[in-house]
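Data block below; observations after.
The values are calculated or read from the model by the stated rules, or taken from the named source; none is laboratory data. None of the values given here were measured: they were computed from a predicted structure. Positions of Cβ are backbone-derived with ideal geometry, glycine not excepted, and every protein chain shown enters the neighbour counts.
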Amino acid sequence: PPPPPPIPGADSERVHVLRTSEDADRLRAALVPGARLLVVGAGLVGAESASTAVRLGCAVTLVDPVAVPLAAAFGPELAEWVHGLHARNGVTARQTVVESFTDRGAAGVEALLADGGPAQTYDAVLLGVGMVPHTALAEQAGLEVARGIVVDAGQVTSNPAILAVGDPARARGADGVLLPRAEHWEAAQQDGARAAASILGTAQPAPTASWFWTDRHDRHVESVGHMASASHTVTRGSFEDPFFSVFGLRDGRVVAAASVDDSTAVRAARRMIDRRMPADAGRLADPSVNLRSLLRG
Ligand SMILES: Cc1cc2nc3c(=O)[nH]c(=O)nc-3n(C[C@H](O)[C@H](O)[C@H](O)COP(=O)(O)OP(=O)(O)OC[C@H]3O[C@@H](n4cnc5c(N)ncnc54)[C@H](O)[C@@H]3O)c2cc1C
């Protein structure tokens, strides 16, 4: 297994990571009602675990140095609303980083945070940070590696006889720029389809906008496309509604969308992005307009 992240004291038995089913079983055993849990990192793994733990009756503190995590994926306003779910559901969210852990045996593990408060003792800590691509084998094989195994659009590495797929693969775009690693379930599946097409010499599947979801505090949040590239956004519904969505637009087209409990909106947005359809912001924002009718143009 990879070494624990370089936080002093992170090798304590009470400090968990969540990479394998054994990790999950071990963490689950620690999440008993009343347990004090510190979650480090408010990304997908940290935020979802914090949500589950508070539901199980734990006293949860969530720390992240970023004020509004996932803003690039959801847009700043929706990301703030999504992050605010933690406080609204009883999680203590603090904007800081952990400096060190000290194992106090049966008393728990003490965590010193960088925001100047006194060290606090926890029964368990989950590190939702520190995921690194496992590239040692690729490096030994002499492949090009740049914080990921570099592949082309057909998943072929710098050695044409070797393909790479899934989390550690990092694609180089048509313009030569390396794309971020996707690290999502569907992206890994699509990598497999592209690799198969390369092996068989058949046409590559049509590219589609990247998509992921996150479930937390009983809300289902989805994101498609690249919200950071939008020049403006329109909200369909309001953040107080049982479900709503935000569309990111640029040059008269939808480039991204994010939704809360509204998968239909994200599915429709994905088709709009993939087909590069012109978009009418006013109609997108109007919940009485059926999105399927917009897809018909
Ligand atoms: C806690 C957690 C929650 C997540 N939640 C979500 C989510 O909600 N939505 C989402 O889209 N994604 C989620 N992800 C990410 C998603 O799991 C990954 O993006 C996806 O599994 C990547 O697929 P993969 O095939 O690259 O790797 P994996 O699914 O990890 O599969 C790799 C397999 O290769 C095996 N293996 C490793 N080394 C060798 C070897 N030398 N020889 C043979 N086999 C080997 C491993 O045992 C493993 O079975 C989550 C990840 C984590 C850790």
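A few points about this structure:
- Any chance G248 is surrounded by fewer than 22 Cβ atoms within 10 Å (Cβ to Cβ) and touching a strand residue (DSSP E or B) at 6+ places or on another chain (Cβ under 9 Å): no
- Contacts under 6 angstrom Cβ, first residue in the stretch 181-205 being under 30 Å from D215 (Cβ atoms), partner of a type in the set (D, E, K, R) and within 8 Å of the ligand (Cβ to nearest atom), 6 or more apart: E183/D167
- Residue in the stretch 215-234 that is within 16 Å of the ligand (Cβ to nearest atom) and in a helix (DSSP H, G or I) present: no
- Some residue of the stretch 163-174 being more than 8 Å from the ligand (Cβ to nearest atom), loosely packed, with under 15 Cβ neighbours inside 10 Å and under 27 Å from T214 (Cβ atoms): yes
- The set of residues from the stretch 250-297 being under 28 Å from the mean Cα position of the chain (by Cα), among the small types (G, A, S) and in a helix (DSSP H, G or I) comprises S263, A265, A268, A269, A281, A285.
- Only a single item in (1) more than 16 Å from the ligand (Cβ to nearest atom); (2) within 15 Å of V109 (Cα to Cα); (3) not acidic (D, E) is not met by L27, and it is number (1).
- The one condition in (1) within 20 Å of E48 (Cβ to Cβ); (2) in contact with a Gly (Cβ under 6 Å, 6 or more places away or on another chain); (3) of a type outside the set (A, V, I, L, M) that H217 fails to fulfil: (2)
- Across the stretch 1-51, the qualifying residues are those that are of a type in the set (D, E, K, R) and closer than 28 Å to A73 by Cα, and the one among them that is modelled with the lowest pLDDT is R19.
- For A146, the conditions (1) among the aliphatic types (A, V, I, L, M); (2) farther than 22 Å from R275 by Cα; (3) surrounded by 14 or more Cβ atoms within 10 Å (Cβ to Cβ) all hold with the exception of (3).
- Consider the stretch 1-57 and keep the residues that are of a type in the set (S, T, N, Q) and in a helix (DSSP H, G or I). The one that is surrounded by the fewest Cβ atoms within 10 Å (Cβ to Cβ) is S21.
For (1) under 20 Å from the mean Cα position of the chain (by Cα); (2) within 11 Å of Q155 (Cα to Cα); (3) part of a loop (DSSP other than H, G, I, E, B), each residue gets a yes or a no:
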{"site": "A174", "(1), (2), (3)": "no, no, yes"}
{"site": "E183", "(1), (2), (3)": "yes, no, yes"}
{"site": "Q189", "(1), (2), (3)": "yes, no, no"}
{"site": "R194", "(1), (2), (3)": "no, yes, no"}
{"site": "A197", "(1), (2), (3)": "no, yes, no"}
{"site": "T202", "(1), (2), (3)": "no, no, yes"}
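Here is a yes/no grid of residues against (1) touching a residue at least 40 places away in the same chain (Cβ under 8 Å); (2) small (G, A, S):
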site: S12; (1), (2): yes, yes
site: L18; (1), (2): yes, no
site: D23; (1), (2): no, no
site: L113; (1), (2): yes, no
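Conditions tested, residue by residue: (1) within 23 Å of R28 (Cβ to Cβ); (2) among the hydroxyl-bearing types (S, T, Y); (3) outside the structural domain of A59 (by TED's automatic domain parsing); (4) away from the ligand (no atom under 12 Å from the Cβ).
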| site | (1), (2), (3), (4) |
| --- | --- |
| V97 | no, no, no, yes |
| S100 | no, yes, no, yes |
| D103 | yes, no, no, yes |
| A106 | yes, no, no, yes |
| V109 | yes, no, no, yes |
| D115 | no, no, no, yes |
| A119 | no, no, no, yes |
| D123 | yes, no, no, yes |
| L143 | no, no, yes, yes |
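- Subset of the stretch 62-78 that is in contact (Cβ under 8 Å) with a residue 24 or more places away in the chain and assigned to a loop (DSSP other than H, G, I, E, B) - its residue that is nearest to V40 (Cα to Cα): D64
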